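Everything below concerns the one structure shown next.
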Amino acid sequence: MQSSFAQNESDERALINVKNGISISKDSLFLLNLRFRMQNRFGLNSASGEDLDIDRVDFRIRRLRLRLDGYVLSPKIQYYIQLGFSKADLDLESGGFAQPIRDAIVYYYFKPNFYMGFGQSKLPGNRERVVSSGNLQFADRSIANGFFTLDRDFGFFSYYTYQTSGLSQFQIKAAINTGEGRNPSVGDKGLSYTGRIEYLPFGKFKNNGDYSEGDLEFEDRPKLSLGVTYNWNENAHRTRGQLGSLLYEGRDLNVFIADAMFKYAGWGAMAEFFKRGSKDPITMNEAGDVKAVVVGIGTNMHLSKMISRKDELAFRYASVRPDEIINQYQNRLEETAVGYTRYLNGHRIKLQGNLGYVWNDGQIEIQNLDNYWFATFQVEFGI
């Protein structure tokens, strides 16, 4: 969040700038950046990979977001607010009540390379999750992200960047949170602790490209970012930590994540590895119903090439491999997909087409999962 709108304090007018969204500023005391984006989608889905029968036609607004950020009183005191209004954004597809608040956090910048935040935001977890959904090269994130990501939580956050005497730099991130995810109710006695370190051996990416998929900037030198995250969630109450259905009893969880982003001359590659563990992942109620923590291993790999300044082809393979102890409650899943994106104004205005296939290796009725193929066309439009 940078401002170039500071004016002489005797000037009482508010200034408006529309270069990057809509910016309203008053001297060095106030800055509001206003942006919106929407993703309109058409999709086809087959419940069985054995034929091409179309079982579901998907017309919907996948995401509709309003974002506000800036500072108040001083550029050192910054804020970030993001609201979601689509059915999926509100968690109405899986939850019992609407949750429009996605991010609501205040930051204090001690120095340009060191700041802390208090509020609700994304945890410093896997790279694909922290990448904004507006900067993805596929219409949706991978199945591995869906099962193992840390997602959002409420609490304290800190960020520090150490620049070496050369090009390389380290980024250190940490968080202490409720462990219960978005908009938590009154918490329990357990908290969530997250630490992450990233190493950029060849220096910074253009336009923060280590958190934007696809090499739209055509890096003229190889750029690489390596990241490692560890999360400990004490007395978690959801099957996937900050996400998932409610367990019958709280469980201690741990998640290890390693990921990498590479870009050069229009080529891009991203890889992620997840491992979630719990000593006793099975919970049961008095009627004998079972809810299990999703423990196991996940992988996600992308390879992409900009075939012109506006066009990109991308390939994905992802997998979810549950531990043996929960095999009867969760199948092994694998996904492969190919994507084409036409960038009209970078990631802000683009057309996306995806074709993919998801399969599992079990016949477990409790999950009611079948192999299926999917095709998606999506328009991203925003400022």
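Miscellaneous remarks
- Comparison of ILE307, ILE297, ILE383 shows that the only residue that is surrounded by fewer than 20 Cβ atoms within 10 Å (Cβ to Cβ), aliphatic (A, V, I, L, M) and closer than 27 Å to ARG240 by Cα is ILE297.
- Restricting attention to region 221-256, the residues that are at pLDDT below 95 and not in a strand (DSSP E or B) total 2.
- Within region 33-50, tally of residues that are modelled with pLDDT of 70 or more, open to solvent by 40 Å² or more (accessible area, probe 1.4 Å) and not charged (D, E, K, R): 6
- Residue within region 210-220 that is hydrophobic (A, V, I, L, M, F, W, C), modelled with pLDDT of 95 or more, over 30 Å from ALA98 (Cβ atoms) and out of contact with any Cys (no Cβ under 8 Å at 6 or more places or on another chain) present: yes
- Residues satisfying the stated conditions in region 235-251, i.e. open to solvent by less than 70 Å² (accessible area, probe 1.4 Å) and either within 20 Å of the chain's Cα centre (by Cα) or acidic (Asp, Glu) (or both): THR239, ARG240, GLY241, GLN242, LEU243, GLY244, SER245
- Of residues in region 252-294 being farther than 30 Å from GLU219 by Cβ and of a type in the set (Lys, Arg), the one surrounded by the most Cβ atoms within 10 Å (Cβ to Cβ): ARG276
- Only listed residue being at positive phi, touching a Ser or Thr at 6+ places or on another chain (Cβ under 9 Å) and touching a residue at least 24 places away in the same chain (Cβ under 8 Å), chosen from GLY203, GLY195, GLY181, GLY190: GLY203
- Set side by side, the residues GLY155, GLY146 differ, and just one is in a helix (DSSP H, G or I) and out of contact with any Phe, Trp or Tyr (no Cβ under 6 Å at 6 or more places or on another chain), which is GLY146.
- Boolean, PHE170 is closer than 25 Å to ARG316 by Cβ and either hydrophobic (A, V, I, L, M, F, W, C) or open to solvent by 30 Å² or more (accessible area, probe 1.4 Å) (or both): no
- Within region 173-196, if we keep just the residues that are among the hydrophobic types (A, V, I, L, M, F, W, C) and surrounded by fewer than 16 Cβ atoms within 10 Å (Cβ to Cβ), the residue that is farthest from GLY227 (Cα to Cα) turns out to be VAL186.
The values are calculated or read from the model by the stated rules, or taken from the named source; none is laboratory data. Quick caveat: nothing in here was measured; it's all calculated off a predicted structure. A quick note on method: Cβ atoms are made from the backbone with ideal geometry, for glycine too, and the neighbour counts reach across all protein chains shown. The area values use the complete protein model at the heavy-atom level, side chains included, leaving out ligands, DNA and RNA. Shrake-Rupley method; radii C 1.70, N 1.55, O 1.52, S 1.80 Å.
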